Structures are given as C-alpha cells and as structure tokens.
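The values are calculated or read from the model by the stated rules, or taken from the named source; none is laboratory data. Because the structure is a prediction, the values reported are computed rather than measured. Note that we place each Cβ from the backbone using ideal geometry, even for glycine, and neighbour counts take in every protein chain shown. All accessible areas refer to the heavy atoms of the entire protein, side chains included, with ligands and DNA or RNA removed. Shrake-Rupley method; radii C 1.70, N 1.55, O 1.52, S 1.80 Å.
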Amino acid sequence: MPLDGVTVVECGEGVAAAYCTKLLADLGAGVIKVEPPEGDVTRRRGPFPHDTADPEHSGLFLYLNANKRGVVLDLTADRGRRALNDLLTGADILVHNIAPARRAASGLQTAALCAAFPRLIVTTISAYGSCGPRANYHAYELNAAHASGMASVTPRFSPFPDLPPLKFGGHQAEIQGALHAATATLGAWWYRLQSGRGQAVDVCEQECIAAMLSLSFLPYEGIHVTRLGGGTNVVPWSVCECADGQVFLICGDNEQWLRLLDLMGNPEWGHSELFKDRESRYQNQDALYAMLGEWTRTQRMEDLWREAQRRRIPAAPVNKMADVYADPQLKARGFFVPLPGVENNGAAVPVPGTPMKSTAMRPRAARRAPRLGEHNELLARVPDKPVSDSAPAAEPPRRGPLAGIRVADFSWVWAGPYCGLQLAHLGAEVIRVETSKRPCLNRCIHPYADHRIGLNRAGHFHQWNLGKQSLALDFATPQGAEVARDLVRHCDVVIENFTPGVMDRLGLGYQALSAVRPGLIMISITGYGQQGPYSRNMAYGGLIGAQSGLFTVSSYPQDKTREVGITYADPTAGVWGALFVMAALVHRKLTGQGQHIDLSMYELMEMMLVEPLLEYAIGGREPAPLANHDSYMAPHNCYKAAGDAEQWVAIAVGSQSEWRGLCAAMAQPELADDPRFDSRERRKRNEVELDRIISAWTSTRDRWEITAILQNAGVAAIPTFLDTDLLSDPHLKERGYFVAMEHPEVGARPLPGVPYSMSLTPCKVRQAAPCLGADTDRILSRLLGYSPATIAALRQSGITV
C-alpha cells in the first residue's frame with residue numbers, strides 16, 4: 001500500500017479527523033489516535049447492539065477507528081502536551097480537527113509545530129478554516145453544513161416555505177472536510193517524498209461543500225437558486241411517485257425524452273409543442289410533471305426503473321437502507337465487509353469497505369478499533385525513526401505539489417471533470433479531451449453568461465473546468481484514437497467516466513494505453529463499477545443519490561422523500577477519484593507500477609452514509625429522517641429568523657456550558673435548570689418544546705444578530721447561507737476563496753476556488769476554463785510534435801477543431 005511505514009498521529013474528536021485518518025489507514029498508514037481522558041464523543045453516539053450504551057461498542061467509533069492504535073492524553077495539561085510532542089517526534093503526519101480558538105490551549109498551534117518538526121505534515125480541519133473573520137466561531141457539523149449553502153437548496157423544489165432548509169443526512173460537512181484533507185495530505189506527502197519538507201495543510205469544511213454547489217447561476221444569469229425554486233433546465237429531473245414506491249427519473253437529452261415517451265405508449269401530450277425540446281420542457285415543466293406523475297403512479301417501482309434502464313433512460317429506485325444492504329450490485333462486488341469488534345445477535349455487522357478496485361493496491365483487512373487507552377505503552381517508547389531533524393533549506397518552488405504531472409481528462413459532465421479539477425487545484429497540467437460533435441452536457445445547459453447560449457458561455461462548464469486546457473478531438477474515430485494514444489504517451493494520469501467497455505472499444509482502454517505509456521495511472525469513474533449486474537446501467541449523480549439512500553435520510557419526517565439540492569454523488573466522486581489518483585502516484589513513486597482504478601459512485605456514496613447504514617445493521621431499524629435534528633445533541637436545529645422565507649439560523653449545543661450560555665443569551669437563565677432541559681438526555685426527550693421556545697426567541701430577530709449574540713455566549717450558531725450570502729461573504733472574501741479569472745468570451749465571473757491551503761506548495765486556480773479546442777494546436781505541435789501540415793489535415797478531416 002502507498003502509505004506503508006508512514007506514521008500518522010490523530011487528535012481531536014468526532015468525525016472529521018477520524019474519517020481522514022481512517023482513509024490514510026486504509027492506504028497503509030499506521031495511525032495513533034489520541035483521545036481525551038473521557039474518550040472520543042463518537043464512543044457515546046452509538047449505535048449500540050441491543051441499544052445498550054457501551055463506549056467500547058459504539059458502531060460509529062468502531063467504524064471510524066479500525067486499524068488504528070489508541071492512547072489517552074489530556075492536551076490541556078502540560079504533561080499531555082509534552083507526551084504529544086514525543087509522539088510527533090516519530091510521526092510523519094499530524095491530522096486534527098481541534099477548533100482554531102482551542103489550539104493554543106492544546107499545544108497545537110500550526111506555526112509552532114511546523115517550526116519544531118520541519119518534516120512533519122500538519123493537517124487541520126475546521127468549519128471555517130484557520131484564518132478569516134469567522135475562524136474562531138464555535139461550530140458543529142450542522143453549522144458548517146448550513147454555512148456551505150447546501151441546506152439552502154434542500155429539499156429541491158420544496159413546497160413548504162415555512163419549513164426550514166435541510167442539511168443532508170449524516171455528518172456530510174465533516175466527511176467532506178476529511179475527504180479533502182486526506183487528498184491534500186497525500187499531495188503534501190508527494191511533495192515530501194521529493195523534497196524532504198513537511199508543511200501545513202488547512203481545510204475549510206464550509207468551502208469544501210460550497211465548491212460543489214452550482215454557484216454560477218447568479219453571476220451568469222442572475223438566477224437566485226433556493227430550495228423553493230431555480231436551478232437546472234433539465235426536465236424531467238424528479239422523484240416520481242409509483243404505485244408502490246418512488247423512482248428518480250432524468251432525461252438529459254431529447255433522445256432520452258423520446259425513449260421515455262415510447263415507454264409511456266407515446267401519449268399525445270408528450271409530442272406537443274410545449275415539450276418539443278429541452279428549453280420548452282424547462283419552460284413548461286409544471287404541466288409536464290403533472291402528466292408524467294399521472295402515469296408513473298400507475299406503475300410498479302421495480303418494473304419502471306428496470307424497464308427504463310433497459311431502454312437507456314436514466315432511472316433509479318429511491319432506496320432505504322434495507323434496500324441498499326440487499327442490493328445485488330453491492331453483493332456482487334463484495335462491497336460490504338464485517339466490522340471488527342461488534343456483532344448483532346451473533347452475526348457479523350456488514351459495513352462499507354472500499355469504493356474502488358485496483359490492479360495494484362489492495363485494502364488491508366480491518367483490525368478492531370482500540371479500546372480507550374489500549375496502546376498507552378506507546379507513550380513510553382523512544383521513537384525509532386525521528387523526523388524532527390532539520391528539513392532541507394532549499395526554497396520551495398511555490399507551485400502546487402503536482403507540478404510536472406500531466407493528466408489527460410477524457411471524461412464529461414461532472415464526476416470525471418470534478419476529479420480533474422481537484423488535480424488541477426493541486427498543480428497538475430490537466431488537458432480536457434473533448435469533441436465538438438458531442439459536446440460535454442455542461443456546455444449545453446443553463447446557466448449561460450448573460451442568457452446568451454453558446455458552448456463557451458456555460459457556467460457549469462466554467463466552474464468544473466477551471467485551470468484546464470482543451471484539446472478538441474474526435475477520439476471516437478480510428479484516427480482520433482491514434483492521436484489520443486499519442487497524447488497519453490506524454491501523460492501520467494488518464495481520467496474517464498464512460499460506460500464500462502466504451503474506452504476498450506475505442507482502443508483507449510487501460511491495456512492499450514498502458515502499452516504505450518508504462519506506469520500509466522488510469523481511473524474509471526462509473527455509476528456502479530466495471531463489473532456487476534448494474535455495471536452497464538446509465539448513472540447520473542442524482543440517480544446515485546436516490547439509490548444510495550441519501551434522499552430518504554435527508555427529508556422532513558412528516559413529508560414524502562424528496563431530492564436533495566445538488567447531485568451530490570458527482571462532485572463527491574470527483575474528490576474520491578483525486579484521493580485514489582494521489583495514492584496511485586505515491587504507489588508508483590515507490591514501486592514504479594502504474595494501475596487501473598475502478599471507482600464506483602454507488603459504493604462511494606455508501607461510504608458517505610455510514611451512520612444510517614450502521615443504524616440499520618446494528619440497531620435493526622430503518623433510520624428515520626432527522627431533518628436538522630441529531631440523534632445525540634439537543635438543541636440541534638435550524639430556526640426561523642425575522643424576515644422572509646429564506647431567513648434561518650442553525651443553532652447547536654454540545655455541552656452543559658453551551659446550554660447555559662444559550663439560556664443566558666436568550667435572557668431566560670431559568671431554563672438552564674428546568675427539569676425538562678437540565679441534561680442532554682432530557683433536552684433530547686423534550687426536543688419539540690425546546691425547539692418551540694428557541695423559535696419564539698429567534699423569530700423576531702435578524703439572523704446575523706442572533707449569530708453574534710450566541711457566538712459571544714460560546715454557542716455555535718450561523719445563518720443558513722444562500723448563494724447571495726456566499727458570493728458576498730466577507731469571511732470568504734478575506735480568505736480569497738472566490739476567483740474571477742478572465743475568460744475570452746464571458747469576462748471575469750466569480751467562481752469557487754480551492755477549499756484548502758498548503759503552506760509550501762500553494763494550490764490555486766491558475767486560469768479560467770477553456771474555450772472548446774482553445775489549446776488544440778499548441779498541444780498537437782508543442783507536446784506531440786505534429787507538423788503544421790499534419791495538424792491542418794486533422795482539422796480538414798474533422799478530427800480536431
């Protein structure tokens with residue numbers, strides 16, 4: 001494995017740091033988990049077998065901390081901080097999610113650590129990042145999720161303006177922070193392998209998720225997107241009610257729409273001028289959905305989605321956790337593995353394994369998570385490989401860690417391009433290989449700059465392809481495929497996300513490409529993986545969200561299941577893809593081997609939903625949607641503030657001192673000792689009444705006034721950010737998060753940048769997204785060495801543009 005022999009120390013509590021180091025452990029690292037004397041909070045969250053609380057049998061803790069060793073240190077005490085420094089003397093990487101305001105008291109100031117241990121990589125994860133006006137704000141996952149903008153668009157097209165915006169089910173903000181942190185940490189490790197130098201990596205959870213939102217609608221078309229309206233012009237794109245369940249349907253182009261009409265028996269209304277093309281269906285979507293729904297309600301869910309897929313119509317069932325565990329695709333690929341340390345009625349508890357298969361890397365068998373303080377003997381050992389020696393003094397190159405790595409990005413739409421975007425952020429040269437004969441869907445859908453339709457004016461394409469070059473090449477032809485193979489000879493990485501078998505039929509599969517480029521790393525990102533009964537199914541991110549169970553745990557308890565606000569699986573797959581590409585690059589540096597990575601979007605989404613899966617596997621029950629509530633903390637909700645239907649504030653309390661702070665801030669100190677609310681358990685039991693009391697206080701106040709009052713009282717609070725809030729946020733502006741690169745057709749428009757920073761190898765957006773074929777001649781002549789006559793012939797034959 002690429003991180004064999006690498007020592008990682010993890011500090012902090014909860015999900016973010018633990019999930020990050022779990023990913024590093026899965027790649028071979030030896031992880032030492034540092035817990036406070038009372039143990040990590042996830043030991044108390046469960047779920048527990050037979051609902052009997054036991055800190056050594058919490059499902060979430062056991063999952064996050066398999067393959068680690070554990071020690072107990074009180075980092076608020078001098079002795080504990082000295083012991084931590086001893087551990088760091090033998091460490092390569094430190095990962096922690098201690099909030100910036102608490103780092104000094106824990107001996108975890110980044111600058112001091114980097115100075116004391118110059119070869120150490122120090123990775124920090126927090127809600128708002130380590131710098132900026134909100135760096136010291138109190139925050140939990142709920143707050144980061146609402147500050148990211150994800151909640152403001154969920155549920156999509158909600159008919160309930162009086163109900164709050166919703167965060168996604170599970171700890172998505174923390175897991176995204178962890179996933180990005182692991183990817184960036186591997187980038188820092190790649191640089192250390194070459195330079196011997198450590199550095200600081202700082203990850204902002206708010207920015208990680210904000211980057212996944214379609215934030216180009218506002219600066220391109222002036223469209224404000226919320227949970228109540230706005231967004232894509234792809235219609236139909238909806239959860240449809242069936243006779244016995246729900247199906248998610250998408251028709252991304254006219255061919256799919258015509259196939260759906262054929263499946264419906266070609267009703268006369270479907271061929272009306274109202275629905276003749278994508279734009280017409282978008283303008284008349286209310287009428288379309290009404291008539292489509294009349295038909296889907298007569299269909300059995302299983303029959304409908306399977307027949308739709310047979311006809312190449314994008315469709316998927318809206319699954320619950322029981323459906324996921326019974327799914328034949330996941331069983332065929334052996335995705336679920338037993339969780340060490342816990343059984344359910346004598347049987348092993350199945351949990352997500354790894355979402356990829358590789359020709360070179362094999363995940364290690366899981367070892368039980370440590371008992372509290374189980375490996376305290378490590379604190380008495382003298383490190384056998386000190387890394388505190390002075391790092392090389394040479395000035396770093398001030399480029400991203402992947403400077404010098406070249407990527408051929410053959411993918412399209414979102415998941416694959418988002419993977420390429422991450423590698424471009426890390427400094428790689430990414431060449432988008434695309435054709436004008438079948439342009440990328442994201443070049444062909446709203447928003448368009450100033451409402452003027454054009455392949456080079458589409459906001460989605462611009463957002464997901466920052467920092468890339470464009471080679472316009474018809475690689476579906478034999479001559480074009482030969483040019484593509486010539487390109488790959490000069491590349492380190494290939495990205496593709498076509499249906500399994502397509503690249504092989506074009507002569508561009510891994511076997512063919514690795515023959516012309518030994519050591520090639522190729523990643524194939526597909527909906528369901530390269531093998532299994534669903535492997536040839538059509539898959540968009542929205543379909544995977546429905547099938548994974550995400551929709552069912554991200555809804556209002558009193559409502560039917562609805563779609564979440566973004567096609568979450570797509571960008572999430574891109575980040576997972578970048579993580580595994582980084583691991584493969586490290587592996588190649590150590591072994592000389594290339595590899596083919598088979599990444600399944602379906603499986604990686606289950607990696608994001610471990611908590612509801614554990615609830616079913618250990619608790620034996622289907623997890624109910626919690627909306628903004630939490631299974632452990634109370635209060636933990638999104639409350640109406642003064643103003644219109646978009647004015648909300650997310651408030652969370654995680655300790656008794658925070659509870660007293662909230663009561664004092666609301667000028668109701670008597671509530672602190674009210675027998676209904678004087679403990680976490682009682683607050684949870686009386687959550688409905690507690691929410692009513694808090695709502696009465698917030699509803700007459702401005703959301704930012706509430707935030708200021710509560711933050712001053714030590715309580716985690718933040719407004720639900722809208723797209724307008726993100727684009728005008730002083731905190732994000734000071735952090736330089738949004739970038740406005742000059743584009744030759746649309747000028748400079750603000751788009752999300754890089755959600756993390758690296759102290760020695762700066763990651764940044766280096767140029768705007770390319771016009772179609774903007775770099776064709778330069779790549780063919782300078783990189784491939786083609787003569788002007790050859791280039792002209794290729795253009796004349798339509799192979800290039």
- Query: Over the Cα atoms of segment 89-228, what Rg and Dmax result, in angstrom?
  - Reply: 17.8, 57
- Item | Normalised contact order of the chain, rounded percent, pairs of Cα under 8 Å and 6 or more residues apart | 18
- Query: So which lysines can K468 reach, going by Cα to Cα under 21 Å and dropping same-chain residues fewer than 8 places off?
  - Reply: K437, K764
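From the alpha carbon gyration tensor of segment 199-287, can you work out the equivalent ellipsoid semi-axes (sqrt of 5 times each eigenvalue) and give them in Å, largest to smallest?
Ellipsoid half-lengths, sorted descending, are 34, 17, 12 Å.
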- As a percent rounded to 5, the proportion of antiparallel DSSP bridges among beta bridges in the chain is 45
- Item | Partner lysines for K560 [C-alpha distance under 17 Å; skip if fewer than 8 residues away on the same chain] | K167, K320
- According to the square roots a ≥ b ≥ c of the eigenvalues of the Cα gyration tensor, what is the shape class of segment 429-489, taking rounded for a/c under 1.5, prolate for a/b larger than b/c otherwise, and oblate for the remainder? oblate
- Task: Any chance you could look up the accessible area of Y137 with a 1.4 Å probe, heavy atoms only, rounded to 10 Å²?
- Result: 70
- Item | Solvent-accessible heavy-atom area per residue, rounded to whole Å², over segment 542-691 at 1.4 Å | 29
- First check a/c for segment 437-577, with a ≥ b ≥ c the square roots of the eigenvalues of its C-alpha gyration tensor; if it is under 1.5, answer rounded, and if not, answer prolate when a/b is larger than b/c or oblate otherwise. oblate
- Can you put H490, H50, H629 in order of accessible area, largest first, using a 1.4 Å probe? H50, H490, H629
- Task: Give the cross-link partners of K357 among the lysines, using a straight C-alpha distance below 23 Å as the criterion and excluding same-chain residues fewer than 8 apart.
- Result: K22, K68, K331, K589
- Item | Relative compactness, segment 490-548, computed as alpha-carbon Rg over 2.2 N^0.38 Å | 1.26
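Within the chain, which complete DSSP H helices have Cα atoms spanning at least 18 Å along the helix axis and a mean Kyte-Doolittle hydropathy of 0.0 or higher?
Details: long enough: 172-195 (34 Å, -0.05); 569-591 (32 Å, 0.78).
The qualifying helices are 569-591.
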- Among residues other than Q595 whose Cβ falls under 13 Å from its Cβ, what is the net charge (Lys/Arg +1, Asp/Glu -1)? +3
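Tell me the carbon and sulfur percent of the accessible area for the chain, rounded to whole percent, probe radius 1.4 Å.
The value for the chain is 51 percent carbon and sulfur by accessible area.
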- Just the accessible area for D644, please: 1.4 Å probe, Å², rounded to the nearest 10? 90
- Message: Which GluC sites (Glu not before Pro) in segment 712-774 sit in a loop by DSSP (not H, G, I, E or B) and have at most 13 other Cβ atoms within 10 Å of their own Cβ?
- Response: E745
- Query: Summing +1 for each Lys or Arg and -1 for each Asp or Glu, what net charge is found among the other residues whose Cβ lies under 14 Å from the Cβ of G747?
  - Reply: 0
- Can you give the net charge of the other residues whose Cβ lies under 11 Å from the Cβ of L179, counting K and R as +1 and D and E as -1? -1
- Radius of gyration and Dmax over the Cα atoms of segment 55-140, both given in Å: 14.3, 40
- Taking only the alpha carbons of segment 658-726, what extent do you get along each of the three principal axes, in Å, biggest first? 41, 22, 20
- Message: Suppose the Debye formula is applied to equal point scatterers at every Cα of segment 571-683; what is log10 I(q)/I(0) at q = 0.13, 0.17 Å⁻¹?
- Response: -0.79, -0.96
